[in-house]
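Structure below; questions to follow.
The values are calculated or read from the model by the stated rules, or taken from the named source; none is laboratory data. This one's a predicted model, so the numbers in the text were calculated from it and none came from an experiment. Don't worry about glycine lacking a Cβ; one is built from the backbone with ideal geometry, like all the others, and counts go over all protein chains shown. Just so you know, the surface numbers come from the protein's heavy atoms only, side chains and all, with ligands and any DNA or RNA stripped out. Shrake-Rupley method; radii C 1.70, N 1.55, O 1.52, S 1.80 Å.
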Amino acid sequence: MKTGIIVIILLVLLGFFGCSKYNGMVKSDETVKKAWGNVETQYQRRADLIDNLVSTVKGSANFEQETLTKVIEARSKASSVQVNANDLTPENIAKFQQAQSELGGALSRLLVTVEQYPQLRTTEQFQTLMAQLEGTENRIAVARNDFNTAVNDFNSSIRTFPNNLIAGIGGFKEKGYFKAAEGSDQAPKVKF
């Protein structure tokens with residue numbers, strides 16, 4: 001009789017332990033999803049600012065149409081690549097990141113070209129827009145860093161013992177990280 005009670009108590013304690021670990025993984029998974037939402041919000045902010053930037057540039061300068069077209073096309077492509085927060089695989093993150101990198105490259109070319117138009121740089125509208133765009137790029141970097149931190153915490157949690165047993169039963173899988181874009185270790189060359 002005593003042995004049966006001890007076994008039941010141990011099973012109940014083990015059940016509470018398992019539930020606690022499972023709930024911790026759910027919270028960690030939700031933190032990753034929230035961080036992903038923040039990343040998407042900052043990229044959307046950038047995409048929204050681009051229309052204003054292009055309109056300002058068009059209105060203020062006799063501008064290179066090819067550069068503007070590339071920015072508009074890159075923005076469209078970046079906006080079309082969506083990743084569901086429930087499917088943050090390394091492959092899906094890489095596709096999203098590639099589209100965003102193309103947009104960033106197009107913006108860089110736009111900004112270099114703008115340097116050739118001093119009257120544009122001095123307009124108040126353009127300066128305000130550039131400050132907003134710079135702030136957005138900083139926010140994107142912070143959001144991506146926060147996302148990677150959340151992914152690190154989640155992945156570490158589900159891979160450690162005994163959490164890995166509970167994660168396997170609960171169907172938790174590793175999430176993908178944001179990685180540096182190819183060639184980002186090289187400083188861009190600006191020529192005038």
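How many of the residues making up the stretch 89-120 are modelled with pLDDT of 75 or more, open to solvent by 10 Å² or more (accessible area, probe 1.4 Å) and touching a Ser or Thr at 6+ places or on another chain (Cβ under 9 Å)?
1
Follow-up question, since we're still on this one. Going through the stretch 25-41 one residue at a time, which ones are open to solvent by 80 Å² or more (accessible area, probe 1.4 Å) and within 23 Å of residue 162 (Cα to Cα)?
Scanning the stretch 25-41 gives 27, 30.
State which residue is most open to solvent (accessible area, probe 1.4 Å) when the search covers only the stretch 11-24 and only residues that are among the hydrophobic types (A, V, I, L, M, F, W, C) and closer than 15 Å to residue 162 by Cβ.
Ranking the qualifying residues of the stretch 11-24, first place goes to 16.
Quick grid of which residues meet (1) modelled with pLDDT of 75 or more; (2) assigned to a helix (DSSP H, G or I); (3) of a type in the set (A, V, I, L, M); (4) farther than 30 Å from residue 129 by Cα:
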{"residue": "28", "(1), (2), (3), (4)": "yes, yes, no, yes"}
{"residue": "34", "(1), (2), (3), (4)": "yes, yes, no, no"}
{"residue": "51", "(1), (2), (3), (4)": "no, yes, no, no"}
{"residue": "56", "(1), (2), (3), (4)": "no, yes, no, no"}
{"residue": "59", "(1), (2), (3), (4)": "no, yes, no, no"}
{"residue": "76", "(1), (2), (3), (4)": "no, yes, no, no"}
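Is there any pair linking a residue in the stretch 18-30 that is more than 18 Å from residue 84 (Cα to Cα) and touching a residue at least 12 places away in the same chain (Cβ under 8 Å) to one that is among the small types (Gly, Ala, Ser) and surrounded by 18 or more Cβ atoms within 10 Å (Cβ to Cβ), with Cβ under 9 Å and at least six apart or on different chains, and which?
From residues that are more than 18 Å from residue 84 (Cα to Cα) and touching a residue at least 12 places away in the same chain (Cβ under 8 Å), the pairs are 21/157; 21/167; 22/167; 24/157; 25/157; 25/167.
Something else: Is one or more of the residues making up the stretch 135-144 at pLDDT 85 or above, under 30 Å from residue 18 (Cα atoms) and open to solvent by less than 30 Å² (accessible area, probe 1.4 Å)?
No - not one qualifying residue is present in the stretch 135-144.
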